[in-house]
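Student: This is the structure I have questions about; it appears just below.
What follows is calculated from the coordinates using simple rules that are stated; it is not laboratory data. Just so it is clear, the structure is predicted and the values come from calculations on it, not from any experiment. Every residue, glycine among them, receives a Cβ derived from its backbone with ideal geometry; neighbour counts consider all protein chains shown.
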Amino acid sequence: MERTFIMIKPDAVQRGLIGEIIRRFEQRGLKLVAMRFVHVSRALAEKHYAVHKERPFYAGLIEYITSGPVVAMVWEGTNAIQAARNTMGATNPVDAAPGTIRADLGMEIGRNLVHGSDGPETADFEIGLWFGDDIPGWERDADRWIFE
Ligand code: DAT
Ligand code: MG
């Protein structure tokens with residue numbers, strides 16, 4: 001079992017898409033293990049996106065992610081990191097495959113609705129940053145119908 005950090009970004013919250021986005025991860029079979037509605041501080045945003053500090057879009061990215069509340073979550077499942085990224089679609093919605101969150105709900109790279117960890121180290125770092133390291137698991141009755 002793997003865990004991944006997923007964030008519903010301010011544009012999706014403002015557009016009333018929280019339920020629609022959670023539905024897609026939930027119905028796929030990923031298991032929700034943590035969730036918070038967060039007013040993101042600049043300090044937290046800068047830590048979260050530290051890897052992009054030198055990129056030309058960094059300032060705009062920090063403005064965007066601190067511009068309104070977000071929903072921060074941790075989801076668990078087999079290959080959860082890649083599964084969640086596939087459900088999200090490519091970074092730029094114009095390149096994302098139909099059926100993905102970013103293609104179905106978005107138009108531009110700077111308003112791409114959702115964040116997901118891109119690897120095991122990133123997932124550990126992001127889960128620790130947003131939730132700490134002590135998230136308990138739970139038994140879901142449907143698990144045996146989703147995970148073999
Ligand atoms: P992802 O969110 O798919 O992991 P990333 O980590 O490369 O993509 O970039 C983080 C976010 O930064 C991305 O969701 C949107 C923004 N971004 C990335 N590349 C960009 C670009 N060339 N122009 C504007 N914003 C960009
Ligand atoms: Mg990324």
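Student: So which chymotrypsin sites (Phe, Trp or Tyr not before Pro) in the range 54-116 are both in a DSSP loop and have at most 16 other Cβ atoms within 10 Å of their Cβ?
Tutor: Sparse-neighbourhood loop chymotrypsin sites (Phe, Trp or Tyr not before Pro): 57.
Student: Positive end of the dipole of the chain, charges at C-beta (+1 Lys, Arg; -1 Asp, Glu), about the Cα centre: which of 125, 65, 89 has its Cα farthest in that direction?
Tutor: 65
Student: How big is the gap, in Å, between the Cα center of the range 13-58 and the Cα center of the range 111-148?
Tutor: Measuring centre to centre over Cα atoms gives 12 Å.
Student: What is the log10 of I(q)/I(0) for the range 11-76, computed with the Debye formula using one identical point scatterer on each Cα and no solvent, at q = 0.15, 0.16, 0.20, 0.22 Å⁻¹?
Tutor: -0.57, -0.64, -0.90, -0.99
Student: Viscosity 0.692 mPa s, temperature 37 °C: Stokes-Einstein D of the range 2-134 from its Kirkwood Cα radius, in µm² per second?
Tutor: Approximately 223 µm²/s, per Stokes-Einstein.
Student: In nm, what is the difference between 0.36 nm times the number of residues separating residue 134 and residue 86 and their Cα-Cα distance?
Tutor: The span from residue 134 to residue 86 would gain 14.6 nm if fully extended.
Student: Below 23 Å, Cα to Cα, which lysines can residue 31 reach? Residues fewer than 8 away in the same chain don't count.
Tutor: By straight Cα distance, residue 31 reaches 9.
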